Amino acid sequence: MLSSISLRHMRVFVAVADHGNFTAAAEALGVTPSGLTATIRQFEDVAGASLFDRTTRHVSLSSTGERFLPIARRLIGDFEEALGDLDALSKGIGGTIRIAAAPSVLTRILPGVIRAFVAEHPDARLRLDERNAGEVHEAVARNEADFGIAGEWQDLPDIAFSPLFSDRFGVLCRADHPFALRTAIAWSELAGHPFVGLGPESGTRAMMAGRGSWSVGGTGAGGMGSGSGAGGVEGELSPSVHRAAALGVREAQKVLRTAAYADRAMERVAKLTKENRENQKDRGGKTTGGQGNAISDLVAQLRPIVETSNTITLAAMVSEGVGITVLPELAARVADLAVPGKLAFVPLNDPIRKRPIGIITRQSRSLSPIARIFLAMVIEQAPKMDLPAAIEWGKD
């Protein structure tokens, strides 16, 4: 039965494939040649196919073996990574953090935080995936990411959105465009200008059309947790960490201090989310009224000459004079890096519309201690960065 195939079979198979020789593979693994040969034969019997073509002097992969080799390598790598994460998480100081985020967050917010984070937690590893808002929410929902940082999207089961900051929408145009001389532009003035834009899968496009533009959150901090003790980071650390800290081990004491800091940061996020929900309730929900409907109608009438899913491509279209576009300020600043000096960003008003960016988590799944510590650093350090002044932290 295939269930009888173990990690030992995978390691032996990969070793023989790498060395091209049973004797050399056995020596590398520290087993006898006869034992290694028996393991390969057992593997082939269970698989029902030959994995190697054997000659008197050389062993080479069969066609089946060639197809299976990358799978075996990935399985071994995943297992070793999982073991490393388990060991690190039990100590509360390491592990892998998978983050899905909007391009502007990845390029302008996270690099500075990550620099400080890896200096304090060299055993931790981060996986960053650039995705649009809808993809970020779906990645978290499918457990492909531990958490996400992006704009709001349609409601998904088990997904929580906690506001982090908001930035203002504006026009991105060429530096020699008449709009570039203005300090502000009304939405109604966009009519009649050639327009390029992000596709319907973009969170920015959805917000321009009215979805999520005027209110933030409503689902709470969810899976991030909202307190210390048994439900917080400190409560999830292994007892050995607490014992070591009590004995005066400085590294363990530092872990506990950082965990307590992470718990306090999560409490601040939960409190902020609650306040935003109450404020929205007091306002009676969305406050766009007829003006918001008029803007939505205008946005619907903007027929892009070019649609793309990438802001850098969008910036290239604008710099070549294909048309103007509308972006949140942080995204516009990132786009400007692709063609420095050629573009201008001018805020839109009548009305002012903002893009809420927040932390996206699963309500039914708690974050690992190391992921919470990283989020705490984002919350603490990001507002201190050199970012557009119009960004409002913790506001809708």
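The values are calculated or read from the model by the stated rules, or taken from the named source; none is laboratory data. Computed from a prediction, not measured in an experiment: that's the story for all the values here. With ideal geometry, Cβ positions are generated from the backbone for all residues, glycine too; neighbour counts draw on all protein chains shown. Just so you know, the surface numbers come from the protein's heavy atoms only, side chains and all, with ligands and any DNA or RNA stripped out. Shrake-Rupley method; radii C 1.70, N 1.55, O 1.52, S 1.80 Å.
Points worth noting:
- Verdict on residue 164 being in contact with a Pro (Cβ under 9 Å, 6 or more places away or on another chain) and in contact (Cβ under 8 Å) with a residue 24 or more places away in the chain: yes
- In the range 49-59, the condition of being within 41 Å of the chain's Cα centre (by Cα) and either under 30 Å from residue 362 (Cα atoms) or at pLDDT below 90 (or both) is met by at least one residue.
- Any chance residue 37 is open to solvent by 70 Å² or more (accessible area, probe 1.4 Å), without any contact (Cβ under 8 Å) to a residue 24 or more places away in the chain and either within 41 Å of the chain's Cα centre (by Cα) or over 30 Å from residue 95 (Cβ atoms) (or both): no
- Cβ-Cβ contacts under 7 Å between residues 6 or more apart (or on different chains), taken from a first residue in the range 8-19 that is free of Cβ contacts under 8 Å to residues at least 24 places away in the same chain to a second residue that is part of a helix (DSSP H, G or I), are listed as 15/25; 15/28; 15/29; 19/25; 19/28.
- Summed over the range 140-187, residues that are among the polar types (S, T, N, Q) and in a loop (DSSP other than H, G, I, E, B) total 3.
- All told, residue 367 meets the bar of being in contact with a Ser or Thr (Cβ under 8 Å, 6 or more places away or on another chain) and either over 22 Å from residue 115 (Cα atoms) or surrounded by 20 or more Cβ atoms within 10 Å (Cβ to Cβ) (or both).
- If you filter the range 77-105 down to residues that are closer than 24 Å to residue 315 by Cβ and at pLDDT below 90, you find that the one that is most open to solvent (accessible area, probe 1.4 Å) is 103.
- Search result, residues across the range 20-34 that are free of Cβ contacts under 8 Å to residues at least 24 places away in the same chain and either open to solvent by less than 40 Å² (accessible area, probe 1.4 Å) or of a type in the set (A, V, I, L, M) (or both): 24, 25, 26, 28, 29, 31
- Residue match in the range 113-128 (condition: modelled with pLDDT of 85 or more, part of a strand (DSSP E or B) and closer than 22 Å to residue 310 by Cα): yes
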